[in-house]
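Have a look at the structure below before the remarks.
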Amino acid sequence: MAAEIQPKPLTRKPILLQRMEGSQEVVNMAVIVPKEDGVISVSEDRTVRVWLKRDSGQYWPSIYHAMPSPCSCMSFNPETRRLSIGLDNGTISEFILSEDYNKMTSVKNYQGGVTALCWDPVQRVLFSGSSDHSVIMWDIGGRKGTAIELQGHNDKVQALSYAQHTRQLISCGGDGGIVVWNMDVERQETPEWLDSDSCQKCDQPFFWNFKQMWDSKKIGLRQHHCRKCGKAVCGKCSSKRSSIPLMGFEFEVRVCDSCHEAITDEERAPTATFHDSKHNIVHVHFDATRGWLLTSGTDKVIKLWDMTPVVS
């Protein structure tokens, strides 16, 4: 009896369209340019490259730009052609790409220990995650140069995603925390720390102020700073702690006694919610249409979350 002939199963495989080679080190991030046959990449070899498809069908760099430090991440807004690049040296560099993607013009540099970036195209706000556990909101739209700090992690911020339709920022960190920030509130910029040789509340000298210590026959005190007013104060005049959510401090921080009395319960109302992912997050992807969040961790686990209860 003849053996029955079985049809061969169809094998479906991804089709490799192009290989773009030339980077000397790891390519940390790359994006497809919408409505263009183009790709933008940043690499640890300190280069930014814009790859455009040539008549030959191959992709070749139309822009090859050397940066002062290895490139760790980037954010690209195709509508304004604004490219923000995070560097290992803690700098964010901004560029505008020309319409033909053959030239990039430097706009501005910002400082921060950059580990992640994302962009709000409506408010024209750039968010950066930092290795110092903070998220910084750079207002490069209406109030150019304003930087607002958000403190809500106990480890470096690994990834950021912005829900534009609800104006909520999602930050994830090495501490396993998922923090959902309400950005639909009027936030305040943290004040610069003031310099002084003595406490700006009680006038007690700090320990380096030898002259005042000698004149007053008093031991110098350690200097602290109030996170609300920025004044240099001693420990006795800043014995209280408080959260200041509108200034980005969701955790309690040192404040001087007078500022502590002035902060109302309404001002202490949290502007973020905190959730434990139970793994060290290294990357996230947020699907705004379904409200799903995908997290991947150093534990080699990928977790899919329904964020609609908190992102709405």
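If you place +1 on the Cβ of every Lys and Arg and -1 on the Cβ of every Asp and Glu, how big does the dipole about the Cα centre of the chain come out, in debye to the nearest 20?
In total the dipole reaches around 260 debye.
Going down the list LYS156/LYS240; LYS278/LYS303; LYS201/LYS236; LYS217/LYS240; LYS156/LYS303; LYS156/LYS278, which pairs span over 18 Å between their C-alpha atoms? Before the final figure, lay out the partial values.
Working: LYS156/LYS240 26 Å; LYS278/LYS303 10 Å; LYS201/LYS236 10 Å; LYS217/LYS240 27 Å; LYS156/LYS303 20 Å; LYS156/LYS278 15 Å.
Violating the 18 Å Cα-Cα cut-off are LYS156/LYS240; LYS217/LYS240; LYS156/LYS303.
Within the accessible area of the chain, what % is carbon and sulfur when the probe is 1.4 Å and the other protein chains stay in place?
Carbon and sulfur together cover 51 percent of it.
Which FRET efficiency, nearest 0.05, do VAL301 and GLU189 yield, Cβ-Cβ r, R0 35 Å?
FRET efficiency, VAL301 to GLU189: 0.40.
Where is the GNM fluctuation largest for the chain (alpha-carbon springs, 10 angstrom cutoff): VAL27, VAL42, VAL157?
Checking each option, the largest mean-square fluctuation is seen for VAL27.
Over the Cα atoms of the chain, compute the convex hull volume and normalise it per residue, giving Å³.
Working: hull volume 64.4 nm³, N = 312.
So the per-residue hull volume is 207 Å³.
Which of the aspartates and glutamates could be linked to LYS211 by a straight reach, that is with a Cα gap under 15 Å, when you skip same-chain ones fewer than 8 residues away?
Cross-link targets: ASP197, ASP203.
Pairs of alpha-carbon atoms within less than 8 angstrom and 6+ residues apart define the contacts here; what relative contact order does the chain have, in percent?
Taking the mean separation of contacting Cα pairs over the length of the chain, I get 9 percent.
Determine the sum of side-chain charges near GLN18: Lys and Arg each +1, Asp and Glu each -1, restricted to other residues whose C-beta is under 12 angstrom from that of GLN18.
In short, +1.
Round to the nearest 0.05 the FRET efficiency obtained for ASN109 and HIS285 when R0 = 35 Å and r is the Cβ-Cβ distance.
Values: r = 28 Å, r/R0 = 0.80.
After rounding, the FRET efficiency stands at 0.80.
Which of the lysines could a cross-linker span from LYS53 if the Cα-Cα distance has to be under 22 Å and same-chain partners fewer than 8 positions apart are dropped?
Hits, sequence-local ones excluded: LYS35, LYS103.
Just to check, using Stokes-Einstein with a Kirkwood Rh over alpha carbon pairs, what's the diffusion coefficient of the stretch 183-310 at 20 °C and 1.002 mPa s in µm²/s?
Roughly 119 µm²/s, to the nearest whole number.
Can you list the aspartates and glutamates whose alpha carbon is less than 13 Å from that of LYS108, not counting same-chain residues fewer than 8 positions off?
GLU94, ASP139
Kindly report the accessible area of the chain per residue (heavy atoms of protein chains, probe 1.4 Å, no ligands, DNA or RNA), in Å².
57 Å²
Tell me, what is the 1.4 Å probe accessible area of LEU293, in Å² to the nearest 10?
0 Å²
The values are calculated or read from the model by the stated rules, or taken from the named source; none is laboratory data. From a predicted model like this one, the values you see are computed outputs, not experimental measurements. A quick note on method: Cβ atoms are made from the backbone with ideal geometry, for glycine too, and the neighbour counts reach across all protein chains shown. The protein model used for the area step is the full one, side chains on, heavy atoms only, and it has no ligands, DNA or RNA in it. Shrake-Rupley method; radii C 1.70, N 1.55, O 1.52, S 1.80 Å.
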